[in-house]
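> Sharing a structure below in structure tokens format, with a few things to ask.
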Amino acid sequence: MEWYRDDLEDDRKRDPHPYFEKQLLDFGFDQKELNKLQQEAIELVESDFKRAQESRRPKTQRLNGSHFCPYANYRRKRGTKSCGQKNGHGR
């Protein structure tokens, strides 16, 4: 149990996962098939998380460049700074 939250029981009541699983079973999916899909999803998330942890951290110099916004150079010519910011303000 998380020490800083006292509303976990309420969240469990509103969790969409059991409802969605029941709907899939009502539509004719097999419980074994759902368990297999859930296990595949868990394995995918775990492998992606591990890969992210093992990957190199981006260099801070690249964070402000056009690496995350391929059209940054085009936008600068049109008066926008980077990825949707115009004249230093939001969109």
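> Please give the FRET efficiency for Lys50 paired with His17, using the beta carbon to beta carbon distance and R0 = 25 Å, rounded to the nearest 0.05.
According to the calculation, E is roughly 0.60.
> Turning to a different aspect of this structure: Ordered by residue, what ³J(HN,Hα) values in Hz, to whole numbers, does region 23-39 give under the Karplus form 6.51 cos²θ - 1.76 cosθ + 1.60, where θ = phi - 60° and Gly and Pro are x?
In residue order, the calculated couplings are 4, 4, 5, 5, 7, x, 6, 8, 4, 5, 5, 5, 4, 5, 4, 5, 5 Hz.
Read-outs: derived from the displayed coordinates by stated rules, not from any lab. Only a predicted model underlies this, so the values are computations on that prediction, with no experimental measurement involved. For neighbour counting, all protein chains shown are included, and Cβ atoms are generated from backbone atoms with ideal geometry for every residue, glycine included.
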